[in-house]
1. Restricting attention to segment 173-190, which residues are surrounded by fewer than 18 Cβ atoms within 10 Å (Cβ to Cβ) and in contact with a helix residue (DSSP H, G or I) (Cβ under 8 Å, 6 or more places away or on another chain)?
2. Output the number of residues of segment 133-172 satisfying the condition of being under 14 Å from Ile86 (Cα atoms), among the β-branched types (Val, Ile, Thr) and surrounded by 16 or more Cβ atoms within 10 Å (Cβ to Cβ).
3. Just one of (1) within 19 Å of Gly95 (Cα to Cα); (2) over 24 Å from the mean Cα position of the chain (by Cα); (3) touching a residue at least 60 places away in the same chain (Cβ under 8 Å) trips up Asn145, so point out which.
4. Return yes or no: is Asp151 out of contact with any strand residue (DSSP E or B) (no Cβ under 8 Å at 6 or more places or on another chain), free of Cβ contacts under 8 Å to residues at least 60 places away in the same chain and not small (Gly, Ala, Ser)?
5. I'm trying to understand the selection: among the residues of segment 66-93, which are loosely packed, with under 15 Cβ neighbours inside 10 Å and acidic (Asp, Glu)?
6. Quick one: in segment 204-222, which of the residues that are outside any helix (DSSP H, G or I) and polar (S, T, N, Q) is farthest from Val251 (Cα to Cα)?
7. How do the pairs read when you match residues in segment 89-111 that are in a strand (DSSP E or B) with residues anywhere that are among the hydroxyl-bearing types (Ser, Thr, Tyr), using Cβ under 6 Å and keeping only pairs 6 or more apart or on different chains?
8. Just for segment 114-132: of the residues that are under 17 Å from Glu201 (Cβ atoms) and aliphatic (A, V, I, L, M), which one is surrounded by the most Cβ atoms within 10 Å (Cβ to Cβ)?
Amino acid sequence: MKTYSSRGKKHHTKLKRNIKWALVFIILGAVFVTSTIAMVLRTKKNVHYENPEVLLPPVSDEDEFVQMLDYMEKLYNQNSDLVGYIHIEGTNIDGPVVYTATDDFYLSHGFDKQQRIEGSFFVDKYNTVEPRDDNLIIHGHNMNNGSMFHDLVKYKDKNFYLNHQTIRFDSLYETAEYEIVAAFVSQVFNKSDNVFKYYKEYNFETEEAFLNFRDNIKQLSLYDTGVNIEYEDEFITLSTCEYSKEDGRMVVIARKK
């Protein structure tokens, strides 16, 4: 009888212990499930914050559609590298502007992509057109026959500037006018030269960077245009060869009105 009673007591104690551990496992399981759900919800929240389009419904094609200008569409159908059209009234500066991010193809090729000594008007390959950089640098040859950007050199004369203060530069989707801020002669410097290099000014990440740009072009300008510029402005810089110095450049900078 004593042996039977002892075994029953041990069985009862073991049963209580098993129930206790079962309860512990149930509680731990509940905590694990709750934590997992919370972590998933936090992850979804973070994804939504960092990349909202993941959870937001996509914008319809109709909402995104912007009509290309009629004349630009015709040109674009001829050459899909087209990004704009430049025109200065009363000068020979008039033509489509192209862009490639990989090379200087249009330095020696026309809009029709055929090899031509006069090349094309083209945006600097280190620019970004979409989304648009703060300052688009547009290159063109200074041709002896007066074509392309030859007339930029005339901006050395303030009287010429006074009669040609506005540049028309249309994008694919809108017409726009730019007023000239500064005109000056510069050059292509060595990489190690610690000087202002207008041809490296694509974006102004900070207001300090913009102010440095503003102060330098105002100081370099051959005359005071009286045009004030702001941090939020968009610019174009027209650049061509100028032969008064080695690797010289004639530069005209304008802000979007």
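1. Tyr173, Val185, Val188
2. Of the residues in that region, 3 qualify.
3. Evaluating Asn145 over (1) within 19 Å of Gly95 (Cα to Cα); (2) over 24 Å from the mean Cα position of the chain (by Cα); (3) touching a residue at least 60 places away in the same chain (Cβ under 8 Å) leaves (3) as the failure.
4. Judged against the criteria, Asp151 is not a match.
5. Hits for segment 66-93 are Asp70, Glu73, Glu89.
6. Among those that are outside any helix (DSSP H, G or I) and polar (S, T, N, Q), it is Thr206.
7. Pro96/Tyr85; Val98/Tyr106; Val98/Ser120
8. It comes out as Val123.
The values are calculated or read from the model by the stated rules, or taken from the named source; none is laboratory data. A quick note: this is a predicted structure, and the numbers were derived from the prediction, not measured. In this analysis, Cβ positions are derived from the backbone assuming ideal geometry, glycine residues included, and neighbour counts consider all displayed protein chains.
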